[in-house]
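The next block holds one structure in the form of structure tokens; read it before the comments.
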Amino acid sequence: MQKGVVNWTNTASIDLNQCSNVITGESKHGILIIVKNNLACPYVSFYALANFLKQNKIIAGIVLIVIGFFLMILGVKFIKFTIFITGMISVTALLFFIVFGIFIRDGADTTTVFIVLGVGVVLGIILGWFLIKMTTAFFIIVGGYLGFVIGQFLYNLVLYKIHSNPQVS
């Protein structure tokens, strides 16, 4: 295989919001080379969700602050309602992460976001109702999630420095 010099010219402007870009080049022997790269595309992207929250930041902020104050002040007195709200918000957030992180990566219009929000709220209401009926399951799920969060925190804090003993086979 002969090595040669390739002069690259960009025939189209590179758009960072696109998943793939095409760059063409021509070698000194007149061979046209076209490179298209899809490997640099992220597998998970929350651009659509972040863009939606940025466009509606006042509404999202007010809703989250009101829910946060309610749970902070009256969360223990209304434990069933707290379980319901927590289940509903968790399912909605998980559905948002799945849909906009895996399936719709390049951005979505407002109608799609509100449809996913509606489906998430309906599924959250169903799960919230089941969690009210099974309060123990809610505490098991929350305990498992907090165990995962604490484990990730400890690993990123100090446990990544532990290496296996090279003398032990």
Review point. How long is the gain from ALA50 to PHE139 if the chain were fully straight, where each residue apart is worth 0.36 nm and the alpha carbon distance is subtracted?
Key: 29.1 nm
Practice item. Determine, from the Cβ-Cβ distance of ILE59 and ILE126 and an R0 of 30 Å, the FRET efficiency 1/(1 + (r/R0)^6), rounded to the nearest 0.05. Key: 0.75
Study note, to complete from the structure: Long-range share for segment 47-146, i.e. C-alpha pairs more than 18 Å apart as a percent of all pairs, stands at 53 percent
**Study point:** Rough spin-label spacing in nm, given labels placed 7 Å along Cα→Cβ, for PHE148 and VAL119
**Key:** 2.1 nm
Review point. How far, in nm, would the chain grow between ILE98 and ILE79 when pulled straight, counting 0.36 nm per residue and subtracting the alpha carbon separation?
Key: 4.0 nm
Point to revise | FRET efficiency, VAL66 to ILE162 (Cβ-Cβ, R0 45 Å, nearest 0.05) | key: 0.55
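Every number here is computed from the coordinates shown, using simple stated rules; none is lab data. Since the structure is predicted, the reported quantities are computational estimates derived from the model, not experimental observations. All Cβ positions, even for glycine, are placed from backbone atoms using ideal geometry, and neighbour counts span all protein chains on display.
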